[in-house]
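The values are calculated or read from the model by the stated rules, or taken from the named source; none is laboratory data. This is a predicted model, so every value here is computed, not measured. When we count neighbours, we look across all protein chains shown, and the Cβ atoms used for this are built from the backbone with ideal geometry, even at glycine.
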Amino acid sequence: MARATKARQPARQQGQPGLIVSHYGVAVLVRFDADGREEPVKVKRNSDHVVGDRVLVAGERVSSLERRNALRRRDPFGKVRTLAANLDVLGIVVAVRPETPPGLIEKAVVAARAAHMEPALIVNKCDLPGSEALVARLQADFPGIACICQVSAHRGDGVAELQQLLAERGRGAFVGVSGSGKSSLMNTLCPGIALETGELNEDDHGCHTTSVSTLIALPSGGELVDTPGFRDFSPVDVSSEEIALWYPGLMTILERQPCRFRNCRHRQEPGCAVKLAVESGDLAVQRYDLYLQTLTELEQVESAAVTRRKGLPPR
């Protein structure tokens, strides 16, 4: 065993290409291209390495190669979290229980589109009462999303369709609130991995059972990144000026009829196609209000960033 380890060291010193398949905070598990073996490599706790990164490993040095895209979110404390890299599809997992907070799906769709990933809605626990009404509402609210899968990790309903979607797209990730059943879906799609699952508490909130991000190769084809659950999803890689171009509902309106002004924020500007759509009923008031909330959040983040750069006291 010692002789084999020594034989590998020269190649490691030159830099071996590989893929990060797990992240443990102070170490990453790298799958090397040359022979498919997987080895842990130490990294700094606050390093920017994430699951899905292509890397070069030389000794104990891990260097990330250029990313095709990255899935990032801003947590409730304002810190940017990179969840995974080089993704093809983002599966937004929802269920009747626990209820998905208003605006989370829209924000996740924006994040996916801005990063050139395909958003897909996955309605889990479709065996529960109320699921048919949820699917109908999602189909009405998100007509621009081509794929809405109905799945039951418990009974196995719709699993074959979901497997086909992931096999055709390539690499995906599931996002959604804790308790929506992401880990249960992973266990169903890839028997044998035995990810920990949890029950809902008395408030219908899920317990965080996923703490380590992992890339899993699916037997039916494709790959999935398991990510921790969360209660909010604030997109990062989109500005307040361009968010409407990706926002569900608004995107369709602006493609059909652009506003008079290119930098329109869709509040009170004259000749605003979005405001006209709200007045005519083509855009739901609730969807418009959710857009304004997200727009205000992004403007506040951008204003705070400008203040920090100028060294001014926070407002």
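Pairs linking a residue in segment 104-131 that is within 19 Å of Asn86 (Cβ to Cβ) and not assigned by TED's automatic domain parsing to the domain that holds Leu189 to a residue that is at pLDDT 95 or above and crowded, with 24+ Cβ neighbours inside 10 Å, with Cβ atoms under 6 Å and 6 or more positions apart or on different chains, do not occur. You will find that of Leu71, Leu83, Leu104, Leu121, the residue that is within 30 Å of Gln150 (Cα to Cα), under 16 Å from the mean Cα position of the chain (by Cα) and at pLDDT 95 or above is Leu121 and no other.
When the criteria are applied in full, Pro102 fails the requirement of being part of a loop (DSSP other than H, G, I, E, B), under 29 Å from Ser239 (Cα atoms) and either touching a Ser or Thr at 6+ places or on another chain (Cβ under 9 Å) or among the β-branched types (Val, Ile, Thr) (or both).
Could you tell me whether Val50 is at pLDDT 90 or above, β-branched (Val, Ile, Thr) and more than 30 Å from Gln300 (Cβ to Cβ)?
No: the conditions fail for Val50.
Only one of Val238, Val225 is crowded, with 21+ Cβ neighbours inside 10 Å and within 30 Å of Ala167 (Cα to Cα). Can you tell me which?
Details: Val238 fails: crowded, with 21+ Cβ neighbours inside 10 Å.
None of the others qualify; the one that does is Val225.
Restricting to segment 132-145, and then to whatever is of a type in the set (A, V, I, L, M) and free of Cβ contacts under 8 Å to residues at least 24 places away in the same chain, can you tell me which residue is farthest from Gly91 (Cα to Cα)? Among residues in segment 132-145 that are of a type in the set (A, V, I, L, M) and free of Cβ contacts under 8 Å to residues at least 24 places away in the same chain, the one farthest from Gly91 (Cα to Cα) is Ala133.
Let's see how each residue does on (1) among the basic types (Lys, Arg); (2) buried (at least 21 other Cβ atoms within 10 Å of the Cβ); (3) touching a helix residue (DSSP H, G or I) at 6+ places or on another chain (Cβ under 7 Å):
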position: Leu56; (1), (2), (3): no, no, no
position: Lys79; (1), (2), (3): yes, no, no
position: Ala84; (1), (2), (3): no, yes, no
position: Gly103; (1), (2), (3): no, no, yes
position: Glu106; (1), (2), (3): no, yes, yes
position: Val123; (1), (2), (3): no, yes, yes
